[in-house]
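The values are calculated or read from the model by the stated rules, or taken from the named source; none is laboratory data. Being a predicted model, the structure only gives us computed values, none of them experimental. Backbone-built Cβ (ideal geometry, glycine too); neighbour counts: all protein chains shown. Note: areas computed on protein heavy atoms with side chains; ligands, DNA, RNA excluded. Shrake-Rupley method; radii C 1.70, N 1.55, O 1.52, S 1.80 Å.
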Amino acid sequence: MAFNHKHLIDITEYSADDIMTILETAKTFKQVNERRIKQVPTLKGVTVVNMFNEPSTRTRSSFEIAEKRLSADSLNFGGSSTATVKGESLVDTVETLCAYKIDMIIVRDKHAGVPRKIADVSGAHVIDAGDGKHQHPTQALLDLYSIWEVKGDLNGLKVGVVGDIGHSRVCGSLIPALKIMGCEVTVIAPPTLLPARPDILGADHVTSNLNEALPELDVVYMLRIQRERFEGAPYPNLREYNLLYGLTKDREHLMKPDALICHPGPINRGVELDSLMADHPRRSIILDQVYAGVLVRMAALYLLLGGSNDGIDA
Ligand code: CP
């Protein structure tokens, strides 16, 4: 099937067919990742800039691994080691990089809208690796992939997204992506951690009662409490938050026998997620999500740079 996107910035620009193409391509790349020599020449001669202006473990490392496994050349760039600390503007920085005839920029930035701005001023392909509180589309894709691998079908699944919705860029991509794929989405959060207009999230239901919502859910997606983005105190203390909104072992009896636990990472253990649930051998797919990060990012790089899912050079 034709894949006609230059950028991956806003998941709402992608159809269910586009998303399925990415998931199926990611699955194809699994066999590359399970060989002894985990590399194919598919993107030989392609230059990808990883511009990370905010901390990252999973997204940054999995993009780098994905690029290496596809034989692309990577330039790792960003943060306090660049000329932006001398006052260089974003546009001048991007134009400088593009003068090297690079092909793609992967960008993480604390400001919402930076990936779109880069796409507007450069001729390069752009992937949003997380911008402010706005979007994180490859996170949503790896989440969908991980759930799809276990459940077999996304359509009709009941997914609860729990916790710090108001500060979450993961939600900005995940909720629309789940809806595009036919899931029923419930947002579960204290009112102080919801945006002012929860209706614009696009979820089917919004509630503050985790215990009431849990028995219905096929997937429980726990969000990180983003203390670095708080202004004031949205809950009295972490213990109370864990008591009311944490996925604790005491709550497991409320879950369906086959309900899955997801988390984008990094986890605040003992806050939104107790260790016994984060490491639950049957329910937790958190490390599968991490692995899916490489597969989905290989697929996104490959498809955006002109590949088709029926012609992988493996
Ligand atoms: N999930 C996620 O974006 O993690 P990192 O901040 O470690 O990249």
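Using C-alpha pairs under 8 Å with a sequence gap of at least 6, the mean separation divided by the residue count of the range 243-295 gives a relative contact order of 41 percent. In sequence order, the range 17-28 has phi-based couplings of 5, 4, 5, 5, 4, 5, 5, 5, 5, 4, 4, 4 Hz under the Karplus curve 6.51 cos²θ - 1.76 cosθ + 1.60, θ = phi - 60°, and Gly or Pro positions carry x. Couplings for the range 169-180, taken from phi via the Karplus curve 6.51 cos²θ - 1.76 cosθ + 1.60 with θ = phi - 60°, read 7, 4, 4, x, 9, 5, 4, x, 5, 4, 5, 4 Hz in order; Gly and Pro are left as x.
Residues whose amide H falls under 5 Å from that of His111, counting only those 5 or more places apart or on a different chain, are Gly132, with hydrogens built in the peptide plane.
Shape call for the range 199-278 from the C-alpha gyration tensor, a ≥ b ≥ c root eigenvalues: rounded (a/c under 1.5), prolate (a/b greater than b/c) or oblate? Verdict is oblate for the range 199-278. Between the amide H of Gly166 and those of Leu194, distances stay under 5 Å, these residues lying 5 or more places away or on another chain, with hydrogens modeled in the peptide plane.
Candidate cross-link partners of Lys86 among the lysines, defined by an alpha-carbon separation under 29 Å and a same-chain spacing of 8 or more, comprise Lys101, Lys110, Lys117, Lys133.
Length, then width, then depth: along the principal axes, the Cα atoms of the chain run 55, 45, 33 Å. Seen against the Cα atoms of the chain and their longest principal axis, helix 137-151 is set at about 60 degrees. Computed in the context of the full set of protein chains, the accessible area of the chain at 1.4 Å probe radius has 50% of its extent on carbon or sulfur. With protein chains left intact and a 1.4 Å probe, residues in the chain average 43 Å² of accessible area per residue.
For Leu75, the residues whose amide H sits under 5 Å from its own are Val48, Val49, Asn50, ignoring neighbours fewer than 5 places away on the same chain, with H placed 1.01 Å from N. For the range 65-135, the relative contact order is 27 percent, taking Cα pairs closer than 8 Å that sit 6 or more residues apart in sequence and dividing their mean separation by the residue count. Take the Cα radius of gyration of the range 163-296 and divide it by 2.2 N^0.38 Å, N being the number of residues; the result is 1.00. For the range 205-237, which GluC sites (Glu not before Pro) pass both filters: DSSP loop (anything but H, G, I, E, B) and at most 12 other C-beta atoms within 10 Å? Those that pass, being in a loop and sparsely packed, are Glu231. By the gyration tensor of its Cα atoms, with a ≥ b ≥ c the square roots of the eigenvalues, what is the shape of the range 1-69: rounded for a/c under 1.5, prolate for a/b over b/c, or oblate? Oblate is the answer for the range 1-69, as a/c is 1.5 or above yet b/c matches or exceeds a/b. Using a ≥ b ≥ c from the Cα gyration tensor of the range 225-268 (square roots of the eigenvalues), is it rounded, prolate or oblate, where a/c under 1.5 gives rounded and otherwise the larger of a/b and b/c decides, a/b for prolate? Oblate.
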